[in-house]
Amino acid sequence: MSDKKKAVVLLSGGLDSATVLAIALNEGFDCHTLAVDYGQRHRSELAASQALSRALGAESHRAVSVDLRAIGGSALTDDIEVPTELEAGIPVTYVPARNTLMLALALGHAEVQGALDLFIGVNAVDYSGYPDCRPQFIAAFEDLCSLATKVGDEGGRFAIHTPLIHLTKAQIIEQGTALGVDYSATVSCYQADAQGRACGVCDSCRLRRQGFLEADLPDVTRYQ
């Protein structure tokens, strides 16, 4: 039996979450990765998540399905066109309650696994203006963890780790590269094709491409 601490890592299959998994592993955690099939536009990021979990050395991986298309309201879960130009305010790619839902699922998985540490790749610097990527949201959810769980009721304390929250995309890429992340295996695009190839024009693709440029590293993204 391992005496290392366990952690649940939310792993979407994208650049940020792959970097977070590498960081958690490097910090000595036994990592159990969790992907959420929420009805997003493409399946390729889910396949990437499973492959990355295995390649980087997580202890286990599972995917949980929740149909957010039944709610809609986002270009990622509804018949709304993905924008190719920067928008003012919160963009239509924001998925209502997505990070709240994902952290809740990770919290349940953590209780079952006996883990007190949760990792998520939210970022408050190079992000698209999503309100559920802010430090205030993470702090509030961490407080909720103690109130809403058997572990919390018995005196346990969950910690939500956000190692990327104050990093630029370039800094994220530099750190992940140093930890051996194969970014060609990640899928960040909002409208990737069935092979996981990126469109190159959506907000996520632009932020990713700029990150490689500023890090002075080759862009290994597979484009359509």
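The values are calculated or read from the model by the stated rules, or taken from the named source; none is laboratory data. Remember, it's a predicted structure, so these values are computed and weren't measured experimentally. Note that we place each Cβ from the backbone using ideal geometry, even for glycine, and neighbour counts take in every protein chain shown.
Below are the figures for this structure:
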quantity: Search result, residues across the range 111-134 that are closer than 24 Å to Lys6 by Cβ and out of contact with any Phe, Trp or Tyr (no Cβ under 7 Å at 6 or more places or on another chain); calculated: Glu111, Val112, Gln113, Gly114, Ala115, Phe119, Ile120, Gly121, Val122
quantity: Of the criteria (1) farther than 23 Å from Gly39 by Cβ; (2) at pLDDT 95 or above; (3) touching a Cys at 6+ places or on another chain (Cβ under 7 Å), which one Ala124 fails; calculated: (2)
quantity: Residues that are charged (D, E, K, R), at pLDDT below 90 and either touching a Leu at 6+ places or on another chain (Cβ under 7 Å) or under 24 Å from Thr33 (Cβ atoms) (or both), drawn from the range 70-99; calculated: none
quantity: Members of the range 147-159 that are surrounded by fewer than 18 Cβ atoms within 10 Å (Cβ to Cβ) and either among the aliphatic types (A, V, I, L, M) or within 20 Å of Leu213 (Cα to Cα) (or both); calculated: Leu147, Ala148, Ala159
quantity: Tabulated pairs, the range 118-134, first of a type in the set (A, V, I, L, M), second part of a helix (DSSP H, G or I) and at pLDDT below 90, C-beta under 7 angstrom, 6+ apart or interchain; calculated: none
quantity: Qualifying residue in the range 53-60 (condition: surrounded by fewer than 19 Cβ atoms within 10 Å (Cβ to Cβ) and either at pLDDT below 95 or farther than 16 Å from Ala7 by Cβ (or both)); calculated: yes
quantity: Within the range 28-66, tally of residues that are of a type in the set (Asp, Glu) and either part of a loop (DSSP other than H, G, I, E, B) or without any contact (Cβ under 8 Å) to a residue 24 or more places away in the chain (or both); calculated: 1
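To keep it simple, each residue is scored yes or no on (1) modelled with pLDDT of 95 or more; (2) in contact with a Leu (Cβ under 7 Å, 6 or more places away or on another chain).
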site	(1), (2)
Glu174	yes, no
Leu179	yes, no
Ala185	yes, yes
Gln195	no, no
Cys202	no, no
Arg206	no, no
Arg209	yes, no
Asp216	yes, no
Val220	yes, no
